[in-house]
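A.B. asks: Sharing a structure here in structure tokens format.
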Amino acid sequence: MALTFDDGPNPPYTDRILDTLRAHDAKATFFVAGEQAEAHADTARRVVEAGMEVGSHSYTHSHDLPEMSEESFARDLARAEQALSAVSAARPRLYRAPYGDTSEAMLRALRDRSYLSVGWDVDSMDWSDAIADDIVRNVIDGAHPGAIVLMHDGGLGGGNTDRSATAAALPRILEELRRDGYEPVTVGELLGAHGGDGAPEVRACSAS
């Protein structure tokens, strides 16, 4: 299974999540927004230095991305790439669209630039201001081999930036997943383990 975190970096919650992942010897993928990487460069670097996978979550986290022309979206993609490359030695290869909303123009631009569009198939619902108990239950009840789990370390697009419930839920999620025989890995590792068939492109409405 792959745990993923959107909308960061967002101190202190990103730091708390990284501390928990390290304590449990677990990996995850962080879909980072370009503006956030610029605003919190030290935290973004810590994500990279912790050995986590970093994907792009756009630069602006705008609702308007699916309405853009391919050229306009490509500019947002390039701006995000520049921001993420400033804190990482490698440019991102994974992309998650804000709110999970994609268009054919977006997908063409992503393919042209060798990005893989990554969705999710388990929603923790942490974006809905769920309490820690509910977040744990949503993840564990949805767990299955090859799952990609949507979680958040930030709260863009008008979402709540207080991710204390997510941070509190994460140790229990990791403990229960391991108890049930799951190994938390990055999206890249998960796709490699499944023959590189591609991640689920899930159409979902959330504060991702």
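The values are calculated or read from the model by the stated rules, or taken from the named source; none is laboratory data. Just so it is clear, the structure is predicted and the values come from calculations on it, not from any experiment. Cβ coordinates were reconstructed from backbone atoms using ideal geometry, including for glycine residues, and neighbour counts include every protein chain displayed.
A.B. asks: Could you check segment 92-106 and list, in sequence order, the residues that are surrounded by fewer than 17 Cβ atoms within 10 Å (Cβ to Cβ) and either small (Gly, Ala, Ser) or on the phi > 0 side of the Ramachandran plot (or both)?
C.D. replies: Ser103
A.B. asks: Among the residues of segment 52-80, what is the count of those that are surrounded by 21 or more Cβ atoms within 10 Å (Cβ to Cβ) and of a type in the set (Gly, Ala, Ser)?
C.D. replies: 4
A.B. asks: Check Arg137 against each of (1) surrounded by fewer than 17 Cβ atoms within 10 Å (Cβ to Cβ); (2) more than 18 Å from the chain's Cα centre (by Cα); (3) free of Cβ contacts under 8 Å to residues at least 40 places away in the same chain and name the one condition it does not meet.
C.D. replies: Status for Arg137: all satisfied but (1).
A.B. asks: Can Asp162 be described as buried (at least 20 other Cβ atoms within 10 Å of the Cβ) and either more than 15 Å from the chain's Cα centre (by Cα) or under 13 Å from Leu3 (Cβ atoms) (or both)? Before you say what the answer is, go through the steps one by one.
C.D. replies: Values: buried (at least 20 other Cβ atoms within 10 Å of the Cβ): no; either more than 15 Å from the chain's Cα centre (by Cα) or under 13 Å from Leu3 (Cβ atoms) (or both): yes.
Criteria not met by Asp162.
A.B. asks: Let me ask something additional. Is there a residue being under 24 Å from His24 (Cβ atoms), assigned to a helix (DSSP H, G or I) and either under 16 Å from the mean Cα position of the chain (by Cα) or at pLDDT 95 or above (or both) anywhere in segment 190-206? So that I can check it myself, show each step before the final result.
C.D. replies: Here is the first cut: in segment 190-206, the ones under 24 Å from His24 (Cβ atoms) are 190-194, 199.
With assigned to a helix (DSSP H, G or I) added as a condition, the list becomes 190-193.
Those left that are additionally either under 16 Å from the mean Cα position of the chain (by Cα) or at pLDDT 95 or above (or both): 190-191.
The answer is yes, given that some residue of segment 190-206 is under 24 Å from His24 (Cβ atoms), assigned to a helix (DSSP H, G or I) and either under 16 Å from the mean Cα position of the chain (by Cα) or at pLDDT 95 or above (or both).
A.B. asks: Any residue in segment 109-118 that is touching a Phe, Trp or Tyr at 6+ places or on another chain (Cβ under 6 Å), hydrophobic (A, V, I, L, M, F, W, C) and at negative phi?
C.D. replies: Among the residues of segment 109-118, at least one is touching a Phe, Trp or Tyr at 6+ places or on another chain (Cβ under 6 Å), hydrophobic (A, V, I, L, M, F, W, C) and at negative phi, which makes the answer yes.
A.B. asks: When both residues are 6+ apart or on different chains and their Cβ atoms are under 9 Å apart, which pairs have a first residue that lies in segment 3-18 and is without any contact (Cβ under 8 Å) to a residue 40 or more places away in the chain, and a second that is in a helix (DSSP H, G or I) and of a type in the set (Val, Ile, Thr)?
C.D. replies: If the second residue must be in a helix (DSSP H, G or I) and of a type in the set (Val, Ile, Thr), the pairs left are Pro11/Thr43; Pro12/Thr43; Asp15/Thr43; Leu18/Thr43; Leu18/Val47.
A.B. asks: Considering each of Val48, Val32 in turn, give the residue that is at pLDDT 95 or above and buried (at least 21 other Cβ atoms within 10 Å of the Cβ).
C.D. replies: Working: Val48 fails: buried (at least 21 other Cβ atoms within 10 Å of the Cβ).
Answer to the check: Val32.
A.B. asks: Which one of Ala109, Ala89 is crowded, with 18+ Cβ neighbours inside 10 Å and either among the basic types (Lys, Arg) or over 20 Å from Leu3 (Cα atoms) (or both)? Full working, then the answer.
C.D. replies: Details: Ala89 fails: crowded, with 18+ Cβ neighbours inside 10 Å.
Of Ala109, Ala89, the one residue that is crowded, with 18+ Cβ neighbours inside 10 Å and either among the basic types (Lys, Arg) or over 20 Å from Leu3 (Cα atoms) (or both) is Ala109.
A.B. asks: Sticking with this one: Is it the case that some residue within segment 111-121 is of a type outside the set (S, T, N, Q) and in contact with a Ser or Thr (Cβ under 6 Å, 6 or more places away or on another chain)?
C.D. replies: Residues of segment 111-121 of a type outside the set (S, T, N, Q): 111-113, 115-116, 118-121.
Those still in the list that are in contact with a Ser or Thr (Cβ under 6 Å, 6 or more places away or on another chain) too: none.
Checked segment 111-121: no residue is of a type outside the set (S, T, N, Q) and in contact with a Ser or Thr (Cβ under 6 Å, 6 or more places away or on another chain).
A.B. asks: Right, something else. For residues that are in a loop (DSSP other than H, G, I, E, B), modelled with pLDDT of 95 or more and touching a strand residue (DSSP E or B) at 6+ places or on another chain (Cβ under 9 Å), scanning just segment 147-189, find the one that is farthest from Asp19 (Cα to Cα).
C.D. replies: Initial filter on segment 147-189 (in a loop (DSSP other than H, G, I, E, B)): 147, 153-163, 180-184, 186.
Among the residues that remain, those that are also modelled with pLDDT of 95 or more are: 147, 153-154, 162-163, 180-184, 186.
Subsequent filtering for residues that are touching a strand residue (DSSP E or B) at 6+ places or on another chain (Cβ under 9 Å) retains 147, 153-154, 163, 184, 186.
Values: Ala147: 23, Asp153: 13, Gly154: 16, Arg163: 14, Pro184: 15, Thr186: 16 Å.
Only one residue tops the list, namely Ala147.
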